[in-house]
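Student: Attaching a single structure in structure tokens format; questions to follow.
Taken together, the values in this text are just the output of simple stated rules run on the coordinates, not laboratory data. For clarity, every value in this text was computed on a predicted model and none was experimentally measured. Heads up, the Cβs are rebuilt from the backbone with ideal geometry, glycines too, and the neighbour counts pull from every protein chain shown.
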Amino acid sequence: MTRLGAVMSYVVAAPEMVVAAATDLASLGSTISSANAAAAAPTTALVAAAGDEVSTAVAALFGVHAQRYQALSAQAAAFHTRFVQGLTAGAGSYAAAETTNASPLQTIEQQILGAINAPTQALLGRPLIGNGADGAAGTGQNGGAGGLLIGNGGNGGSGGGAHPTGGSGGTAGLLGNGGNGGQGAPGAAGGTGGSGGLLYGAGGAGGNGGNATIPGGTGGMGGNGGSAGLFGQGGAGGIGGLGAPGGNGVNPSPLAAGAPAASGTPGVNGTDVGGPGGPGSNGVSSSTTGQPGGDGGAGGNGTSVGGNGGAGGIGGVGATGGTGGTGGESAMGMAGAIGGTGGTGGAGGAGAAGGMGGAGGDGSNGGIGGTGGTGGIGAAGGQGGAGGDADVADFGGAGGAGGSGGVGAGGGTGGTGGAGGAGGRGGLLFGNGGAGGAGGNAGNGGTGAMGGGGGTGGAGGSNGGGDQGPGGNGGTGGDGGAGGAGGNGGNGGAGGAGGFFGSSGTPGTGGTAGIGAAGGTPGAGGAGGTGSVNGATGGPGQPGATGADGLDGLPG
């Protein structure tokens, strides 16, 4: 018995600790049993040191002692086994008792809360006491409201599917904190934080905006923090999502060729000067088929000067430009007479080569070949037209210059970072405003694509044995595409207003600016055209210029 006024101490039993002790004791007993078994044979069957009676008696004495030790060890091992079994069973009993006692308490608690919440749940659809349910992930579901008297609002679910914006946090009742807003899906805004309790409680934090995944996409805006009631801290604004990097420039591919556009009308033959050929019509492409530009009309024949060939039409999107018209012929054997110049090849549509220059007209002096058409975006320039042939006494025409390569496609602009959410208002009486969310970092610009190669110069015209026409010069390579500009960083969110006795929240920091990308590689110059037997080969074209680097974005 305890004396009056004495205090009895409580005994606490932790089932997991009892199980651990039983495990340690079982391991110790196993080690001792193994040692006893190893010592049994050498000690119980001891051989006498000599053949006399004294040695025999001493060996027998030690052997009997060893046998008695082994018998006691077996009794101790049996007791140890029963003790370990008792500890293990006791741990199970303690665990079962805790489970049995906990279940009725939980049931009683649930019954009491159910009775208290039933009237308000039936009338207002909201419990009196209890926390609101969290919104399901990936649904953008709003968090449930907390109990009217006591309870925190549930957190909003993350955005996804048909509702990419994060769910709003649930509102608290009289006492409690607002729920946090949910994370936005990629590129979508985060949810707004729930309001804190009317009397006391902090506002929930705004959800973070989703990071953009589409090249050059803008990051989602962070959700605004929830406001506090009478007493409490405003919720922090959510962080803005990251802007996605701009895509690298990709030169378009040509489309399947359809029927070309209408050719130009031929020039009128004249008694002295031939009329010029008409230009070819421009191609108009569909979504699947490219229409090449129409060929230029041939120049009219003239006694002194052949008419110039018409220019080839511009190719539709993904289609080549039309071939320039052939220059008109002049009279042979007439001093100073010259064939007409070939028409310029039409420019290629996006991703397609420029048209070939028209051949120069034949005459006493051959006409100059037409210049090849400029390549479309990232495509090669057209080949220069061949020079016109001449008679024995005069000169063959020079080949036309190759067309310039097309400029490479520009890189994409980096995405803008999402703006940070504004901090929530602090408690009307006491409480500081929530901090504004940081703006998202911007994406870097994409690299420009390579420019198209210059066209090959046209071959020089021939004659019957005199000087020959030189080959045309190769076309200039296309410039590399411009690098994409870096995106602008997202603006930081404004700090929330403080209460009557409180300070405003700090504004969020702006996101870092994206870096502009390097310009594309220039296209190679075209090869010079071959001269006739005695004519010089044309000079190679110059490579294009490297594309301009993209500009860096602005910080938030």
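Student: Rounded to the nearest 0.05, what FRET efficiency do SER253 and LEU554 have when you use their Cβ-Cβ distance and R0 = 30 Å?
Tutor: The pair SER253/LEU554 has a calculated efficiency of 0.30.
Student: Next question. Projected onto the charge dipole of the chain (+1 at Lys/Arg Cβ, -1 at Asp/Glu Cβ, origin at the Cα centre), which of VAL273, ALA442, PHE430 gives the Cα projection farthest towards the positive end?
Tutor: PHE430
Student: How large is the charge dipole for the chain, taken about the Cα centre, if only the Cβ atoms of Lys, Arg (+1) and Asp, Glu (-1) carry charge, to the nearest 20 debye?
Tutor: Using only the charged Cβ atoms, the result is roughly 2220 debye.
Student: Further question: Helix 53-124 sits at what angle to the longest principal axis of the chain, using alpha carbons and giving 0 to 90 degrees rounded to 10?
Tutor: Roughly 70 degrees between the two axes.
Student: Still on this structure, I have one more. Please list, in order along segment 129-142, the HN-Hα scalar couplings obtained from phi with the Karplus expression 6.51 cos²θ - 1.76 cosθ + 1.60 (θ = phi - 60°), rounded to whole Hz, x for Gly and Pro.
Tutor: Rounded to whole hertz, the list is 10, x, 7, x, 6, 6, x, 5, 5, x, 10, x, 6, 6.
Student: Now for a separate question. Which angle from 0 to 90°, rounded to the nearest 10, does the C-alpha axis of helix 15-44 make with the longest principal axis of the chain?
Tutor: The answer is roughly 70 degrees.
Student: Name the residues whose placed amide hydrogens come within less than 5 Å of the amide hydrogen of PHE501, ignoring near sequence neighbours (fewer than 5 apart) on the same chain.
Tutor: Amide H neighbours of PHE501, under 5 Å, 5+ apart: PHE430, GLY431.
Student: Of ILE377, GLY302, GLY234, which is farthest on the positive side of the dipole of the chain, counting Cα position, with +1 on Lys and Arg Cβ, -1 on Asp and Glu Cβ, and the Cα centre as origin?
Tutor: Going by the Cα projections, it comes out as GLY234.
Student: Moving on. Between ALA319, GLY220, THR23, whose Cα lies farthest towards the positive end of the dipole of the chain when Lys and Arg beta carbons carry +1 and Asp and Glu beta carbons carry -1, centred on the Cα centre?
Tutor: The listed residue farthest towards the positive side: THR23.
Student: Give the share of C-alpha pairs in each 10 angstrom bin for segment 144-202, from 0 to the last occupied bin, in whole percents, shortest bins first.
Tutor: Histogramming segment 144-202 at 10 Å steps yields 33, 41, 21, 5 percent.
Student: How far is it, in nm, from the label point at ALA77 to the one at ALA118 when both lie 7 Å from their Cα along the line to the Cβ?
Tutor: A separation of 6.5 nm, rounded to one decimal place.
Student: To continue, here is another question. Suppose the Debye formula is applied to equal point scatterers at every Cα of segment 396-497; what is log10 I(q)/I(0) at q = 0.12, 0.19 Å⁻¹?
Tutor: Taking Cα atoms of segment 396-497 as identical point scatterers yields -0.66, -0.90.
Student: Report ³J(HN,Hα) in whole Hz for each residue of segment 314-325, in order, from the Karplus equation J = 6.51 cos²θ - 1.76 cosθ + 1.60 where θ = phi - 60°; Gly and Pro get x.
Tutor: Values, residue by residue: 6, x, x, 4, x, 10, 6, x, x, 6, x, x Hz.
Student: Another question about this same structure. How high is the relative contact order of the chain? Use alpha-carbon pairs under 8 Å, at least six apart in sequence, and give a whole percent.
Tutor: 9 percent
Student: Something else about it: Please quote Rg/Rh for the chain to two decimal places, taking the Kirkwood radius as Rh and restricting both calculations to Cα atoms.
Tutor: For the chain, the value is 1.46.
Student: In nm, to one decimal, how far is the modelled label at ILE108 from the one at MET334, with both set 7 Å along Cα→Cβ?
Tutor: 12.5 nm
Student: Sticking with the crude label model, points 7 Å out along Cα→Cβ, report the distance from THR213 to ALA89 in nm, one decimal please.
Tutor: It works out to 6.0 nm between the two label points.
Student: Extension gain THR31-GLU53, at 0.36 nm per residue separation less the Cα-Cα distance, in nm?
Tutor: 4.1 nm
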